[in-house]
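**Student:** Here it is, the structure, as structure tokens.
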Amino acid sequence: MEMNQIRYFLAVCQHRNFTHAASASNVSQPSLTTAIKKLEHELGGDLFVRDRAGCRLTALGKLMQPRLQKAHDETQAAKAEAVRHTRLERVPISVGVGETIGHNRISAAVERFRTRLPQAEIELIVASASKLLAGLREGEFDVVVTAATVSEDLYRIDQLYDESYKVVVSKSHPLSGRNAISLSTLAETDMLDRPNCEMRDALHGACADQGHELYAAYRSNRVDWLVELARQGLGAVILPTTAIPADRGLVSILIDDLEISRTVSALRYRHQTTRPETNDLIREIARV
């Protein structure tokens, strides 16, 4: 079954006349008639009954009309979607985001980017570093935003920004009035721990060097859960600055005797072609 056979069949359904249908389809009547006969042969029966008034659908024709109309409509929609994509009427960009990456800066960058390029369609997928890198290699993502350390042989690395870490507590927490908190004080505080934090080992190592040990009253791999626990006054959580929400019920405090920071980068797989729009989005995220 060919698409032109379906198109000619639908034209005859509309005009109820082979001559008029051929004219509307910009094809000769013999060509249209031949295409209809081939379609009838393939479907196993007559689709039209001709009479002096023109033609009308047979029972088989009536059965096939809605199905062939749907096939025609789906094909036209697919072609239109392909044209829009080719002409950049729509620009789909899939962005993988690390679990520990704060959304504040990225969401603001995406908003600015779409203001300049409203036809862009941004998909943001949050996952672990291993899943993101595998997806990047398999072509599921155009770019991955992460703080993970990777090989430059496989990935093109664009540094986006550096960020420090702060202690986040509720406004009612006993530590909320301090300008800075020492590691010894943190060791005496119920902590909210993130096992998937890139700086976790460095933080615990620094505490151990000073003879301190942090106690985690709660653990979660989800930043939003830990923030909510902190908001309820159940402990203190150490977060990168872009992951700290603008919340009047929370207070962020410097760590007095420890400087920890990380570099967040945009990764692209070297064996995958990068579109200019993806490059523009990366530059927007890097912009202060």
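The values are calculated or read from the model by the stated rules, or taken from the named source; none is laboratory data. If you're wondering where the values come from, they're calculated on a predicted model, not measured in any experiment. Please note: Cβ atoms are built from the backbone with ideal geometry, for glycine as well, and neighbour counts cover all protein chains shown. We work out accessible area using only protein heavy atoms, side chains counted, and drop any ligands, DNA or RNA first. Shrake-Rupley method; radii C 1.70, N 1.55, O 1.52, S 1.80 Å.
**Student:** I'd like the full set of residues that are hydroxyl-bearing (Ser, Thr, Tyr) and free of Cβ contacts under 8 Å to residues at least 60 places away in the same chain, limited to region 111-169.
**Tutor:** Listed by number, the residues that qualify are Thr115, Ser130, Thr149, Ser151.
**Student:** May I ask you to list the residues in region 106-125 that are open to solvent by less than 70 Å² (accessible area, probe 1.4 Å) and within 20 Å of Leu267 (Cβ to Cβ)?
**Tutor:** Correct list: Ile106, Ser107, Ala109, Val110, Phe113, Ala120, Ile122, Ile125.
**Student:** If we keep just the residues of region 23-38 that are open to solvent by 20 Å² or more (accessible area, probe 1.4 Å) and in contact (Cβ under 8 Å) with a residue 12 or more places away in the chain, which is nearest to the chain's Cα centre (by Cα)?
**Tutor:** Ala24
**Student:** Would you mention how many residues in region 128-187 are part of a helix (DSSP H, G or I) and not assigned by the TED database to the domain that holds Arg275?
**Tutor:** Count: 5.
**Student:** Can you find a residue that is of a type in the set (S, T, N, Q) and crowded, with 16+ Cβ neighbours inside 10 Å anywhere in region 185-194?
**Tutor:** Checking region 185-194: at least one residue is of a type in the set (S, T, N, Q) and crowded, with 16+ Cβ neighbours inside 10 Å.
**Student:** Right, another one. Identify, from the list His72, His41, His20, the residue that is of a type outside the set (A, V, I, L, M, F, W, C), open to solvent by less than 50 Å² (accessible area, probe 1.4 Å) and in a helix (DSSP H, G or I).
**Tutor:** Sole residue among the options that is of a type outside the set (A, V, I, L, M, F, W, C), open to solvent by less than 50 Å² (accessible area, probe 1.4 Å) and in a helix (DSSP H, G or I): His72.
**Student:** Pairs under 6 Å by beta carbon, first residue at pLDDT 80 or above in region 192-219, partner of a type in the set (Asp, Glu) and surrounded by 14 or more Cβ atoms within 10 Å (Cβ to Cβ), six or more apart or different chains?
**Tutor:** Ala216/Asp193; Ala217/Asp190; Arg219/Asp193
**Student:** Filter region 45-64 down to residues that are assigned to a loop (DSSP other than H, G, I, E, B), loosely packed, with under 14 Cβ neighbours inside 10 Å, at pLDDT 90 or above and hydrophobic (A, V, I, L, M, F, W, C), then give me how many there are.
**Tutor:** 0
**Student:** I need a count of the residues in region 1-14 that are open to solvent by less than 70 Å² (accessible area, probe 1.4 Å) and either farther than 16 Å from Arg67 by Cα or not polar (S, T, N, Q) (or both).
**Tutor:** 7
**Student:** Filter region 83-105 down to the residues that are crowded, with 20+ Cβ neighbours inside 10 Å and at pLDDT below 85, then identify the one that is farthest from Leu239 (Cα to Cα).
**Tutor:** Here the residue is Val91.
**Student:** May I ask you to say which residue of Leu281, Leu239, Leu254, Leu267 is part of a strand (DSSP E or B) and outside the structural domain of Met191 (by the TED database)?
**Tutor:** Result of the check over Leu281, Leu239, Leu254, Leu267: Leu267.
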